[in-house]
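Visitor: This structure is in structure tokens; I'll ask about it shortly.
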Amino acid sequence: MATPDLRGNPCGSASTAARDAAERALWRMMSFYDTPLADLDAAVAADAGWPLPHVMRAGFLLSLTEPALLAEAEAELALARALQGQGTARERAHLEAVEAVYQGRWQVACRIWDELLVDHPRDALALQWAQLWDFYRGDAAGLRQRPARALPEWDEADPLHPYVLALYAFGLEECNLYPQAEETGRRALAANARVPWAVHAVAHVMEMQGRFEDGANWLRQHQEAWAEGNGFACHLWWHKALFRLEAMDLAGVQRLLDVHLSGQNLQLSLQRVDAASLLWRLHLLGEDVAAQATALLKDWPLEGVGAGHYAFNDLHAVLAMIAAGQAPRAEAWLARCAERALAPADARRSNHLMAREVGLPLMRGMLALARGDADTAVDLMAPVRAQAQRFGGSHAQRDLIDLSLLAAAAQGGRRSYGRALLNERGMAKRVTPLTRHWIERMSSPMTARA
Ligand SMILES: [Fe+2]
């Protein structure tokens, strides 16, 4: 007999201890305070017959986009499958969705969560995970629409309500609805100051509007909520570095890299992607980051099953390799990614299309830029720009495509294209010192290398 959980969702466990532990795990996944694994262990210990904690564990592991964690996630899914008769229909839908994620069919997973949310709009796990995989597949409309469909069904006194507001704030931001996004993020934080995803959503608004001083102040003001004991700290330090970069404070970027985005701070591919993204941006500005990129690659477990798992991460690995002066390794990596992405066996994975339409042409363009073939780099990357959201990430993360195009246009003969991009940039947000740098480069005499 299903018992309702805290927000009325049918739940397959009657154990209060198990349900409380699963609720703490859910909060950890939405807040990023520590990992949910110990709480999920406690939920299993309290009710060994309940499948949901196993599904949550598998989903959490898969959310890290680490190929090395696939086997552990698969084992958890097998445990959940064996117990599924003791779960509710809602919990079986979660199992089906996470199985789709495991198979790489991220769009299918989001569709299952969408259907689940129609009947259970207060299922925070579905809202959280669907947002994450919307993000990984660049579905900006989904990021905004899904929490919007659910929010009016929520009690504002629910401790997770501010976290759902934060999901909505980020969705608004990715749909370029900046004033609404900022207002919603601030509302979430007024209810609970410890919602790093809301801090993040507002930081994105400031990034997209060129408000780099506001952004640095904003992150400093909320630092207590995100900088210690939080799995999101690395990404927010990355945002702080972006604000420094907009100011052309390159020494400030280097300091943040050294202190927060290197060495033991980098435990996951998602964190290494952020470090690679920053190093690449510095590389485009002519900074020598070869030693840092080499150190980054040394601890990045890329070999084995890594190539072709997720195009967004794969591109960042290529950028680190180029910045490290390892172009032949980057060419070999690209070949392995292409081999997997184009294989019929992978045709049902979301990454198949992402790699073919976005990841691979971008890698080829970046490698052309590395060879000094700037015009080819523009030719390869410019057509991808309009559909680049399909391989996921945020507008701020994908801005490195525009920055790479600007560098290629400044180096080669496509100055008119570069000026057009700068016009667009200047109309979209305040002209920052970084943008002014590229305006000057675009009108300076041509040089062989950035
Ligand atoms: Fe971000």
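Visitor: Taking 0.36 nm per intervening residue step and subtracting the Cα-Cα distance, what contour gain separates residue 265 from residue 427 on full extension?
Guide: Value of the extension gain: 54.7 nm.
Visitor: Using alpha carbons only, how many angstrom separate the centre of the stretch 250-326 from the centre of the stretch 10-33?
Guide: Using only Cα atoms, the two centres lie 35 Å from each other.
Visitor: Considering all projection directions equally, how large on average is the shadow of the alpha-carbon convex hull of the stretch 315-439, in square nanometres?
Guide: The number I arrive at for the stretch 315-439 is 7.7 nm².
Visitor: Could you calculate the FRET efficiency of residue 48 with residue 299 from 1/(1 + (r/R0)^6), where r is the beta carbon distance between them and R0 is 25 Å, rounded to 0.05?
Guide: The calculated FRET efficiency here is 0.10.
Visitor: Compute the signed sum of charges (Lys and Arg +1, Asp and Glu -1) over the other residues within less than 12 Å, Cβ to Cβ, of residue 428.
Guide: Spelling it out: positives minus negatives among the neighbours equals -1.
Visitor: Students often check this: by mean Cβ neighbours within 10 Å, which of 373-382, 428-437 ranks highest, and how do the rest follow?
Guide: Result, highest mean first: 373-382, 428-437.
Visitor: Still on this structure, I have one more. Given the alpha-carbon gyration tensor of the stretch 139-242, what are the semi-axes of its equivalent ellipsoid in whole angstrom, ordered largest first, with each equal to the square root of 5 times an eigenvalue?
Guide: 21, 16, 11
Visitor: Take the eigenvalues of the Cα gyration tensor for the stretch 287-351, scale each by 5, and report the square roots as semi-axes in whole Å, largest first.
Guide: 24, 10, 9
Visitor: Between the stretch 78-112 and the stretch 389-450, what is the C-alpha centre distance in whole Å?
Guide: Cα centroid of the stretch 78-112 versus Cα centroid of the stretch 389-450: 43 Å apart.
Visitor: Then there's this: Take the Cβ-Cβ distance between residue 327 and residue 347 as r, set R0 to 35 Å, and report the resulting FRET efficiency rounded to the nearest 0.05.
Guide: Step by step, r from the Cβ atoms, then E = 0.70.
Visitor: When the helix-only estimate is applied to the chain (DSSP H runs of n ≥ 4, each -39,500 (n - 2.57), divided by the residue count), what is the mean residue ellipticity at 222 nm, nearest 500 deg cm²/dmol?
Guide: One gets -21500 deg cm²/dmol as the mean residue ellipticity at 222 nm.
Visitor: Based on alpha-carbon centroids, what's the gap between the stretch 120-190 and the stretch 209-231 in Å, whole number please?
Guide: Spelled out, the Cα-based centre of one part sits 20 Å from the other.
Visitor: Continuing with this model, one more query. Which of 157, 181, 93 moves the most in a Gaussian network model of the chain with Cα springs under 10 Å?
Guide: Greatest mean-square fluctuation among the candidates belongs to 157.
Visitor: Right, something else. Which value in nm describes the separation of the simple spin-label points at residue 444 and residue 72, placed 7 Å from the Cα toward the beta carbon?
Guide: Placing both labels 7 Å beyond Cα along the Cβ direction yields 4.7 nm.
Visitor: Ok, one more. Over the chain, one equal point on each Cα, no solvent: what is log10 I(q)/I(0) by the Debye formula at q = 0.05, 0.09, 0.11 Å⁻¹?
Guide: Log-scaled intensity ratios, in q order: -0.17, -0.57, -0.85.
Visitor: Using Cα pairs under 8 angstrom and six or more residues apart, how large is the relative contact order of the chain, in percent?
Guide: So the answer I get is 12 percent.
Visitor: Follow-up. Helix 395-411 against the longest principal axis of the chain: what's the angle in degrees, Cα atoms only, rounded to the nearest 10?
Guide: 10 degrees
Visitor: Between the DSSP loop rule and a limit of at most 13 other Cβ atoms within 10 Å, which GluC sites (Glu not before Pro) in the stretch 66-170 are left?
Guide: Sparse-neighbourhood loop GluC sites (Glu not before Pro): 156.
Visitor: If you wrap a convex hull around the C-alpha atoms of the stretch 1-133 and split its volume per residue, what is the figure in Å³?
Guide: Cα-based convex hull of the stretch 1-133, divided per residue, equals 92 Å³.
Visitor: Specify the angular offset, from 0 to 90 degrees and rounded to the nearest 10, of the alpha carbon long axis of helix 70-83 from the longest principal axis of the alpha carbons in the chain.
Guide: 20 degrees
Each reported figure results from applying straightforward, stated rules to the coordinates on display, with no laboratory input. Since the model is a prediction, treat every value here as computed from it, not as a measurement. So basically every Cβ, Gly included, is an ideal-geometry build from the backbone, and we count neighbours across all protein chains shown.
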